[in-house]
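Below is one structure; the comments refer to it alone.
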Amino acid sequence: MTDKYAVIGNPVAHSKSPLIHKMFAEQTGQDISYEKIEAPLDGFAATIERLRKDGYKGCNVTVPFKFEAFNIATELSKRAQAAKAVNTLKFDNEKIIGDNTDGAGLVHDIECNIEMPLKGKRVLLMGAGGAAYGVLVPLSQRGAGLAIVNRTIANAWEMIKPCDASQLISIYDYSQLVPLPNSIRFNIIINATSTGLTDEMPPLPSGIFAPGALAYDMMYGRETPFMKFARAQGAQVADGLGMLVEQAAEAFYIWRGVRPDTAPVIAALRA
Ligand code: NDP
């Protein structure tokens with residue numbers, strides 16, 4: 001019998017997850033179906049109940065339900081606890097197991113696909129919203145020197161509280177990021193703000209990228225002002241498509257116990 005999965009969001013029409021999981025299933029010979037479900041804004045819990053009754057094995061959760069998914073889970077992985085948000089649910093009889101695969105997806109994309117090890121790098125994470133929460137702990141465990149900059153600095157302090165490595169993380173206001181001497185410029189700057197969606201540029205100064213630096217925007221599908229700025233500053237630029245596919249691969253592994261090869265899937269989506 002075909003095992004059923006879905007992605008739940010609102011809106012969800014734009015989601016590439018069904019296509020990604022279809023490619024994973026074909027590649028690994030797994031017999032699954034995967035669809036998009038738009039839950040009413042006040043109907044996430046009822047939608048989950050319906051899926052469980054209908055025999056679904058799990059689902060991905062996207063905006064704006066990741067926090068509700070966190071509350072509905074009966075068991076949470078460590079990384080979901082740290083992120084305070086869940087993007088992957090697995091239904092196991094009475095159990096609803098919640099996980100967050102965004103951080104693993106980002107780290108895998110940077111280290112394995114882009115081939116830039118995080119260890120020893122000076123990394124600046126921009127933002128302290130849902131996306132930043134999701135990646136903070138996996139990012140802080142890779143041996144990088146981590147700094148965070150956010151428009152509302154109190155949100156950044158709040159975000160790092162549960163992180164074991166919080167004393168090792170520097171927090172900045174954008175106004176503190178003046179052009180830096182070469183020795184303390186950043187090797188990797190990650191845009192986890194929503195500025196790509198609003199076509200705004202986070203207020204970064206010039207002279208912030210170290211030579212050979214990577215500018216990583218979690219947004220995908222179009223060139224953001226941050227990507228344009230980074231290119232003009234001589235940085236290597238990456239979008240969030242690889243992260244999207246890698247977080248899906250991690251979810252697929254949680255559900256099916258098989259790890260798909262992501263490279264052909266990323267290439268197909270780019271084509
Ligand atoms: P949130 O709304 O939760 O967070 C927004 C963040 O952006 C906050 O930290 C906010 O700061 C900051 N911000 C907003 N406007 C500005 C501005 N003008 N200047 C500086 N900072 C600003 O959004 P999410 O975290 O959910 O999403 C962020 C991005 O990540 C989106 O583009 C989303 O598509 C992407 N994403 C990609 C994924 C992938 O797989 N590739 C997965 C998840 C997300 P403040 O705290 O001051 O409000």
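The values are calculated or read from the model by the stated rules, or taken from the named source; none is laboratory data. Since the model is a prediction, treat every value here as computed from it, not as a measurement. All Cβ positions, even for glycine, are placed from backbone atoms using ideal geometry, and neighbour counts span all protein chains on display. The protein model used for the area step is the full one, side chains on, heavy atoms only, and it has no ligands, DNA or RNA in it. Shrake-Rupley method; radii C 1.70, N 1.55, O 1.52, S 1.80 Å.
Quick look at the values:
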item	result
Extension gain (nm, one decimal) between Gln236 and Glu223, 0.36 nm per residue minus Cα-Cα	3.3 nm
Sequence of Trp255, Trp157 from largest to smallest accessible area, 1.4 Å probe	Trp157, Trp255
Ile114-Lys78 pseudo-label distance in nm [points 7 Å out on the Cα-to-Cβ vector]	2.5
Pairwise centroid distance, computed over Cα atoms, of the range 209-271 with the range 94-144, Å	12
R0 of 25 Å, Cβ-Cβ distance Ala45-Glu94: FRET efficiency to nearest 0.05	0.95
Kyte-Doolittle mean at least -1.0, axial Cα span of 18 Å or more - DSSP H helices of the chain	241-256
Cα gyration tensor category, rounded, prolate or oblate, for the range 3-100 with a/c compared to 1.5	rounded
Area accessible to solvent at Thr262, 1.4 Å probe radius, in Å²	10
Percent antiparallel among DSSP beta bridges (both partners in the range 3-100, rounded to 5)	40
Theoretical FRET efficiency, 1/(1+(r/R0)^6), r = Cβ-Cβ of Glu38 and Gln176, R0 45 Å, to 0.05	0.60
Difference of contour (0.36 nm per residue) and Cα-Cα distance, Glu26 to Tyr253	80.3 nm
Local electrostatic count, Thr198, Cβ distance below 15 Å [Lys/Arg +1, Asp/Glu -1]	-1
Computed accessible area, Thr193, all protein chains, 1.4 angstrom probe, square angstrom	40
Sequence of Lys16, Lys22 from largest to smallest accessible area, 1.4 Å probe	Lys22, Lys16
Spin-label zone in the range 68-103 - amide nitrogen under 20 Å from a point set 7 Å from the Cα of Glu158 along the C-beta vector	68-72, 80-87
The chain: most fluctuating residue of Ala128, Ala73, Ala215 per GNM, C-alpha cutoff 10 Å	Ala73
Phe91, Phe67, Phe24, reordered so the largest accessible area comes first (probe 1.4 Å)	Phe67, Phe91, Phe24
Debye log10 I(q)/I(0) at q = 0.12 Å⁻¹ for the chain, Cα point scatterers	-0.73
